[in-house]
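One structure is given here, and the rest of the page talks about it.
The values are calculated or read from the model by the stated rules, or taken from the named source; none is laboratory data. Values in this document were obtained by computation on a predicted structure and should not be read as measured data. Cβ placement follows ideal geometry from the backbone for every residue including glycine, while neighbour counts extend to all protein chains displayed.
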Amino acid sequence: MFGRKKKKPAAQAAPEQPQAAPEEHPAPSQEPQGPLDVAQLEDRDGYLDLGALLVRPRPGLGVRLEVDERTQRPRAVALDLAGGSVQVQAFAAPRSEGLWDEVRRELVQSLREGNGEPTVEEGPFGLQVLTRFPATASDGTRGFRLARFVGIDGPRWFVRAVFTGTAAVAAESAALEEVVRELVVVRGDRPMPPRELLPLTVPEGSVRAPAPQPEAGPVAPPRRGPEITEIG
């Protein structure tokens, strides 16, 4: 905070020391370029239409819809590329303010309660949450799993992206980050309460595939049930 300057000789004025931001709440950065709002899109041709999200296909990109086991409705889009993955969900948000600041604080607390080791730092999309948490591989080996949580606030929508695998390390995730930037969010006009999941739809001709076994860890919602596979 800055007060008014007092009319004193320069030699008597003590320089004000900047206050360090807490580890969980560094100073916010400039808004990222992308994902786009559908109002910014001139033509939908060439995009994979998943309802609330439009995906631009590219060579080697795997697109999967993660389905809620109870309702059998799609709850998240998983994008796989070059050994890394990112899970994307789009939510309704207030018109007046974003959600990421609040969601980020809740996420850090939740990860700590789940034996994670979260830290908040600046990333390609602004403030992001990095964490590692205990995990058990399919062969029984115990270790740690890395994850990187990103939040993007848009006009009446909020996107959460969770980078895992090689994409958990920002230096190795440029291609997947570009895929996320090219996403288009279709919010719709109907009133929705904040944090309600924007509906996803299954494209015609998709192939249903069994879900792999999830690794142990606190990053549970949504649970990985049957998946719809679509390769771009």
**Residue pairs meeting the criteria (Cβ under 7 Å; at least 6 apart or on separate chains; first part of a loop (DSSP other than H, G, I, E, B), in segment 140-160; second not charged (D, E, K, R))** = 156/92; 156/93
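Applying the selection to segment 89-112, what residues are of a type outside the set (Gly, Ala, Ser) and under 19 Å from residue 123 (Cβ atoms)?
Across segment 89-112, the qualifying residues are 89, 99, 100, 101, 102, 103, 104, 105, 106, 107, 108, 111.
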**Prompt:** Looking at (1) assigned to a loop (DSSP other than H, G, I, E, B); (2) at pLDDT 95 or above; (3) of a type outside the set (S, T, N, Q); (4) surrounded by 13 or more Cβ atoms within 10 Å (Cβ to Cβ), which is the one condition that is false for residue 179?
**Reply:** (1)
**Message:** Just to check your reading of the model, which residue among 121, 204, 106 is acidic (Asp, Glu), surrounded by fewer than 13 Cβ atoms within 10 Å (Cβ to Cβ) and assigned to a helix (DSSP H, G or I)?
**Reply:** 106
**Fill in**
Within segment 161-174, the residues that are more than 9 Å from the chain's Cα centre (by Cα) and in a strand (DSSP E or B) are 164, 165
**Message:** Which residue is nearest to residue 144 (Cα to Cα), if the candidates are limited to segment 70-103 and must be under 12 Å from the mean Cα position of the chain (by Cα) and in a helix (DSSP H, G or I)?
**Reply:** 103
**Item:** residue 85 vs. criteria out of contact with any Cys (no Cβ under 9 Å at 6 or more places or on another chain) and either on the phi > 0 side of the Ramachandran plot or modelled with pLDDT under 95 (or both)
**Value:** no
